[in-house]
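The values are calculated or read from the model by the stated rules, or taken from the named source; none is laboratory data. Because the structure is predicted, anything quoted here is derived from the model rather than measured. So basically every Cβ, Gly included, is an ideal-geometry build from the backbone, and we count neighbours across all protein chains shown. With ligands, DNA and RNA removed, areas are computed over all heavy atoms of the protein, side chains included. Shrake-Rupley method; radii C 1.70, N 1.55, O 1.52, S 1.80 Å.
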Amino acid sequence: MEKKGLYRLAGGAAGFINGLFGGGGGMVLVPLLLKGGELKAKQTFASAVAIIFPICAVSFFAQLFFVEFPWAMSVPYLVGGAAGGLVGGRLFRNMPPLWLKRIFALFILYGAWRYLT
């Protein structure tokens, strides 16, 4: 399969996961982008964020049509998420790529453990 086909497949997998679970598409994208080997680690993480943003927007609108959306409960998470995104983005600049990979792996393992228990 040519690279464009693999990229589309990876994007489709990220969108599917995001739409199904309401998030998590980046956990599909980062390993696939890292495996492709064309980008450095920091470029991979930044690209995953740029790719997942529009995917999240599409997933959000799809959820609005199929699920009663709890607006009042969501706003505090949005405020905290925005603040966390700013802090994380600032720390990202100085974080060595190896540590980015390790921290990302720990979050994946923690998430898997929480889902299994």
>> Under 14 Å between alpha carbons: how many lysine pairs meet that in the chain, if sequence neighbours fewer than 8 apart on the same chain are excluded?
In response: 4
>> So if each residue of separation counts as 0.36 nm, and I subtract the Cα-Cα distance between Leu106 and Phe65, what length gain in nm does that give?
In response: 11.4 nm
> Once label points are set 7 Å from the Cα along Cα→Cβ at both Val87 and Ala57, what is their separation, rounded to one decimal in nm?
Replying inline: 2.7 nm
>> Take Leu116 and Met95, extend 7 Å from each Cα along the Cα→Cβ direction, and tell me the distance between the two endpoints in nm.
In response: 2.4 nm
>> Can you list the DSSP H helices in the chain whose Cα atoms extend at least 20 Å along the helix axis and whose mean Kyte-Doolittle hydropathy is 0.0 or higher?
In response: 3-21, 41-66, 71-94, 97-116
> Using mean Cβ contacts within 10 Å as the protection proxy, how do 59-65, 23-29, 77-83 order, highest first?
Replying inline: 23-29, 59-65, 77-83
> Hey, what did the chain get for relative contact order, percent, Cα under 8 Å, at least 6 apart?
Replying inline: 21 percent
>> Rolling a 1.4 Å sphere over the protein heavy atoms, what is the accessible area per residue of the chain, to the nearest Å²?
In response: 77 Å²
